[in-house]
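Heads up, the thing below is written out as structure tokens.
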Amino acid sequence: MEKIYPCLWLDNQAQEAAKFYTTVFEKGAINDTQYYLDDLHKPKGSVLTVDLTLANQRFILLNGGSDFKITPAISFFVDCETKEELEALWHALLEGGFALMPLQAYPFSEYFGWVQDRFGVTWQLALSNIPQRISPAVMFANEKFGQAKQAMTQWLSLFPRSEILLEVPDGENLQQALFTLNDMPFRVMDSPGKHDFGFTMGISFCVDCEDQAEIDYLWENLTQDGKEWDCGWLEDRYGVAWQIEPANWVHLVDTSHPERAQAVTNELYKMKKIDIARLEAVYNQFTEDNGSN
């Protein structure tokens with residue numbers, strides 16, 4: 001599974017969106033579904049997250065409520081192999097949504113369109129003559145304009161197996177750049193226009209960390225001039241949201257043992273940066289108690 005993958009914050013639409021996306025994108029599959037155990041705002045047993053794959057790209061859909069909204073500041077760029085494939089995807093995503101840029105030829109692409117779907121997620125579709133590929137596209141605008149190169153450079157320095165694949169400068173700024181972070185494709189761009197949106201927690205990037213040292217390293221670097229949130233969430237200096245979490249998180253909150261999963265989750269609620277040892281201590285306490293019984 002991917003080490004870095006996007007999380008979409010939805011308002012009780014995770015199952016509906018997952019079903020829709022896995023039917024319209026290539027190689028769509030639902031991998032796992034997690035449920036709320038005990039929450040003041042959600043009925044026990046309602047869907048918490050849906051883990052899915054679209055065109056070999058992993059996503060997490062989170063039923064987080066109405067606190068945060070997805071905006072076009074982070075969209076998803078979809079390379080399409082044929083015009084027919086692109087048009088079918090365009091019309092499916094357009095149903096219940098609207099076009100931000102009409103599907104047509106542009107100086108930068110022979111066939112391109114930008115659409116916001118019924119769930120508020122935006123997709124940039126381009127005829128690229130390669131098998132379908134999805135990459136997050138992070139747009140730096142308004143007070144963030146001109147920071148795309150700086151952000152890309154920092155992110156590249158933090159993750160192994162990362163490299164720049166394409167860079168199109170625009171003076172001192174970036175018209176666009178395509179790169180990888182731990183083999184996951186990313187895009188950044190500077191937009192000189194004024195927009196009525198910016199980065200929110202509506203789209204964040206999850207990072208599965210192998211050990212506490214990796215969590216500490218990423219947390220220290222990404223929160224520098226940024227902001228710490230609860231439960232392993234943070235905003236970096238550019239306002240982009242990340243979730244820095246242990247790779248064994250799903251194991252620690254295995255709902256086959258609801259009481260243990262709830263106890264581990266309650267311990268998580270006490271943290272900003274995640275402390276794996278504390279979570280594992282709670283998990284192991286229940287395991288040891290069951291063993292003694």
| Debye, to nearest 20: dipole size of segment 21-145, +1 on Lys, Arg Cβ, -1 on Asp, Glu Cβ | 240
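For the chain, report the convex hull volume of the alpha-carbon atoms normalised per residue, in Å³, without decimals. Write down the numbers at each step before the final one.
On the way: hull volume 39.1 nm³, N = 293.
Value for the chain: 134 Å³ per residue.
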| Zone of Arg161's modelled label, taken as backbone nitrogen in segment 119-145 under 12 Å from a point 7 Å along Cα→Cβ | none
| message | Taking amide H atoms as placed 1.01 Å from N in the peptide plane, list the residues 5 or more away in sequence, or in a different chain, whose amide H sits under 5 Å from that of Val188. | response | Val138, Ala177
| Does segment 217-293 come out rounded, prolate or oblate by the C-alpha gyration tensor, with a ≥ b ≥ c the root eigenvalues, rounded set by a/c under 1.5 and, if not, prolate when a/b is larger than b/c and oblate if not? | prolate
| task | Sketch the reach of a paramagnetic label on Gln15 as a point 7 Å from Cα along Cα-to-Cβ, and name the residues of segment 49-63 whose backbone nitrogen lies under 13 Å away. | result | 49-50, 63
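For segment 122-212, what does the alpha-carbon gyration tensor say about shape, rounded, prolate or oblate, given a ≥ b ≥ c as the root eigenvalues, a/c under 1.5 as rounded, and a/b over b/c as prolate?
Values: a/c = 1.41, a/b = 1.23, b/c = 1.15.
In terms of gyration-tensor shape, rounded.
Just how large is the dipole of the chain about the Cα centre, in debye to the nearest 20, putting +1 at every Lys and Arg Cβ and -1 at every Asp and Glu Cβ?
Working: 22 positive and 44 negative charges, 105 e Å.
Its charge dipole is roughly 500 debye.
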| query | By its C-alpha gyration tensor, with a ≥ b ≥ c as the square roots of the eigenvalues, how is segment 5-103 shaped: rounded for a/c under 1.5, else prolate for a/b larger than b/c, else oblate? | reply | prolate
| request: Of the listed pairs Lys27/Lys273; Lys69/Lys194; Lys19/Lys149; Lys19/Lys69; Lys19/Lys272, which have alpha-carbon separations greater than 27 Å here? | output: Lys27/Lys273; Lys19/Lys149; Lys19/Lys272
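On a full-extension model of 0.36 nm per residue, what is the gain between Asn221 and Thr33, subtracting their alpha-carbon distance, rounded to one decimal in nm? Numbers along the way, then the final one.
Details: separation 188, 0.36 × 188 = 67.68 nm, distance 3.13 nm.
Full extension from Asn221 to Thr33 adds 64.6 nm.
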| remark: Computed over the chain: longest principal axis from alpha-carbon atoms vs helix 276-292 long axis, angle to nearest 10 degrees, is 40
| task | Could you point to the residue in Gln34, Ile244, Ser128 farthest towards the positive end of the chain's charge dipole, with +1 and -1 charges on the Cβ of Lys/Arg and Asp/Glu respectively? | result | Ser128
| Which ³J(HN,Hα) values, rounded to whole Hz and listed in residue order, are derived for segment 90-98 from phi using the Karplus coefficients 6.51, -1.76 and 1.60 in 6.51 cos²θ - 1.76 cosθ + 1.60 with θ = phi - 60°, glycine and proline given as x? | 4, 5, 5, 6, 6, 5, x, x, 7
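No value in this document is a laboratory result; all are computed from the given coordinates. All figures in this text were calculated on a predicted structure; none of them were measured in a lab. In this analysis, Cβ positions are derived from the backbone assuming ideal geometry, glycine residues included, and neighbour counts consider all displayed protein chains.
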